[in-house]
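Enquirer: Quick one: structure below, then a few questions.
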Amino acid sequence: MSSIALLSKTQIANKRVIVRSDFDVSLRGRKIADETRIQHALPTIELLLKHHNRLVIISKLNRPKERDEDHSMKIVAHDLKKYLPGYEIKVIDDFLTEDKKTFTDQTEKEILLLENIRFYPEEKTNDLNFAKKLSELGEVFVLDAFAMAHRKESSVTGIPHFLPSFAGLQLEEEMEAITHVLDHAHKPFVAIMGGAKIPDKLAFLAKLIELSDYLLVGGGIGNTMLLAQGYEIGKSLCEPSEKEHVKHLFALAKKHHTQIVLPTDLVGTERGAERIIPINQIPKDFSAFDIGPETQAQFGNIISQAATIVWNGPFGYIEDPRFTRGTDFLYYAITDNEKAFSLVGGGDTLAAISKKEYLNKISHISTGGGAMLEYIENGTLPGIEALKSH
Ligand code: ADP
Ligand code: MG
């Protein structure tokens, strides 16, 4: 960490600063389901504003296929306004064609928020020409979007090629919390994995398996592991092509004496009817959408004895209120264990818990899911490396 320049250790004042923030909030239609990511982005923005910098902020929002109003940064700008009274937040529809004056005449009281950066295909392909055009909007770059730091995209790893670049306060805090888990974890260490981004997450489980004593799995990850262990899981969300990979993870767990604990019962629907079924009796047209009560009890027991807990990914299809019970139970089991150091992260995981009580009983809430896992796995991320080499 010492070799990257930190915003917290540098006075940046009276500059035009490009900030790669993370405003990638969970949406329900055009409504923000969870503001946690916006709140975590504020300290860096407020610090830079305090020192009279003029900000151009970049973020992505969700995964738009093309330019569309449902993924417009206007949704975020509206919410951000409430946290930054006294500032005008201007959404720049297209910075490439925008009148240059908008940037040159920007006042200290104006924040320019570029439209969803994923509206440009060049962002995802990490086009350096595009990154250069972005870099021309400022004199200094601050990367604060921890949850994006595992992605090689123009606004993350591209811009640092062209500008003096710093790690923002959020990025620094996230790195510190995860480093703490890696270096000072007490045992028993319980890792908990759920969610839908199955191949992405399975790719970064080796180190976590090595570190932990128990790996509790649910959601799409759990289903895929059940499938790889030979269970029939019907029409449930899973990734059959990951079967071999999962077998490799089981072998790794054996080597490190880590117990991978699978659900023993699942909640879901069979031709529309809601059912709870033991995993050895899943019918072909059953879709699992949550863990069952027996699994909750078993997982709760393990969590209650943990000294370190890392959790990413909901255990059910939480967008449907019928299937939030397993994820809620996990949350309460984790916050009930007051002696453990707990690290909880992921966009949808935050959406599932952020309005609950006892949030202060979680030691560190990470805005990143995939980024958190990849940082644990590799001890660094492409976005962090990009800050080093320039
Ligand atoms: P995070 O954003 O916290 O890293 P993911 O993006 O990997 O988590 O996964 C979140 C998604 O996983 C949610 O949209 C949730 O509905 C879905 N999910 C979890 N379990 C299931 C399940 N059993 N069936 C269908 N979807 C599930
Ligand atoms: Mg997600």
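Enquirer: Between residue 212 and residues 5 or more places away or on another chain, which pairs have amide H atoms under 5 Å apart, with H built 1.01 Å from N, and which residues are they?
Expert: It is none; the list stays empty.
Enquirer: Given points 7 Å out from each Cα along the Cα-Cβ axis, report the residue 284 to residue 259 separation in nanometres with one decimal.
Expert: In this crude spin-label approximation the distance works out to 3.6 nm.
Enquirer: Tell me, how many Å apart are the Cα centres for the range 84-121 and for the range 175-189?
Expert: Spelled out, the Cα-based centre of one part sits 39 Å from the other.
Enquirer: For residue 250 and residue 271, calculate 0.36 nm times their separation in residues minus their Cα-Cα distance, and state this gained length in nm to one decimal.
Expert: Numbers: separation 21, 0.36 × 21 = 7.56 nm, distance 3.28 nm.
Extra length from residue 250 to residue 271 when fully extended: 4.3 nm.
Enquirer: What FRET efficiency do you get for residue 67 and residue 46 if R0 is 45 Å and r is their Cβ-Cβ distance, rounded to the nearest 0.05?
Expert: 0.90
Enquirer: For the range 208-256 and the range 286-304, compute the distance between their C-alpha centroids and round to whole Å.
Expert: Between the Cα centre of the range 208-256 and that of the range 286-304, the gap is 15 Å.
Enquirer: Also, quick follow-up: Hey, what do the phi angles of the range 144-156 turn into as Karplus ³J(HN,Hα) couplings, whole Hz, using 6.51/-1.76/1.60 and θ = phi - 60°, x for Gly and Pro?
Expert: The phi angles translate into 10, 7, 3, 5, 10, 5, 8, 9, 8, 10, 3, 7, 10 Hz.
Enquirer: Given Cα positions, please report Rg to Rh for the range 7-169, the hydrodynamic radius being the Kirkwood one.
Expert: Numbers: Rg = 14.3 Å, Rh = 15.6 Å.
Using only Cα positions, Rg/Rh for the range 7-169 is 0.92.
Enquirer: Further question: Debye sum, Cα scatterers, the chain, no solvent: what log₁₀ I/I(0) at q = 0.06, 0.09, 0.10 1/Å?
Expert: Reported log10 I(q)/I(0), two decimals: -0.24, -0.54, -0.67.
Enquirer: For the chain, what is the accessible area per residue in Å², given a 1.4 Å probe and the full set of protein chains?
Expert: Values: 16440 Å² over 390 residues.
Heavy-atom accessible area per residue stands at 42 Å².
Enquirer: What distance in nm separates the simple spin-label points at residue 107 and residue 31, each placed 7 Å from Cα in the Cβ direction?
Expert: Spacing of the two 7 Å Cα→Cβ label points: 3.5 nm.
Enquirer: Now, a different point. How would the range 185-376 be classified by its alpha-carbon gyration tensor: rounded, prolate or oblate, with rounded meaning a/c under 1.5 and the a/b versus b/c comparison settling the rest?
Expert: Numbers: a/c = 1.62, a/b = 1.21, b/c = 1.34.
Verdict is oblate for the range 185-376.
Enquirer: Could you run the Karplus curve 6.51 cos²θ - 1.76 cosθ + 1.60 with θ = phi - 60° over the range 73-81 and give me ³J(HN,Hα) per residue in whole Hz, x for Gly and Pro?
Expert: 5, 4, 4, 6, 4, 4, 6, 4, 3
Enquirer: Moving on. Looking at the chain, what % of its DSSP beta bridges pair antiparallel, to the nearest 5? All intermediate terms of the calculation are to be shown ahead of the outcome.
Expert: Numbers: 13 of 53 bridges.
Looking only at bridges with both residues in the chain, the antiparallel portion is about 25 percent.
Enquirer: Please turn the phi angles of the range 50-63 into ³J(HN,Hα) values with the Karplus equation 6.51 cos²θ - 1.76 cosθ + 1.60 (θ = phi - 60°), one per residue in order, whole Hz, x for glycine and proline.
Expert: Along the range 50-63, the couplings run 4, 9, 6, 8, 9, 9, 10, 9, 10, 7, 9, 9, 6, 10 Hz.
Enquirer: Now a separate question. Work through the residues other than residue 313 whose Cβ is under 12 Å from its Cβ and net out their charges, Lys, Arg +1 and Asp, Glu -1.
Expert: Computed value for this residue: 0.
Enquirer: Same structure again: If the chain between residue 132 and residue 196 were fully stretched, how many nm would it gain, using 0.36 nm times the residue separation less the Cα-Cα distance? Could you put the intermediate results ahead of the total?
Expert: Working: separation 64, 0.36 × 64 = 23.04 nm, distance 3.40 nm.
Using 0.36 nm per residue and subtracting the Cα-Cα distance, I get 19.6 nm.
Enquirer: Let me ask you something else. For residue 152 and residue 243 in one chain, what is 0.36 nm times their gap in residues minus the Cα-Cα distance, to one decimal in nm?
Expert: Values: separation 91, 0.36 × 91 = 32.76 nm, distance 2.70 nm.
Gain on stretching residue 152 to residue 243: 30.1 nm.
The values are calculated or read from the model by the stated rules, or taken from the named source; none is laboratory data. As the structure is a computational prediction, the values presented were derived from the model and not from experiment. Virtual Cβ from ideal backbone geometry, glycine too; neighbours counted across all protein chains shown. Remember, those area values only see protein heavy atoms, side chains included, never the ligands or the DNA or RNA. Shrake-Rupley method; radii C 1.70, N 1.55, O 1.52, S 1.80 Å.
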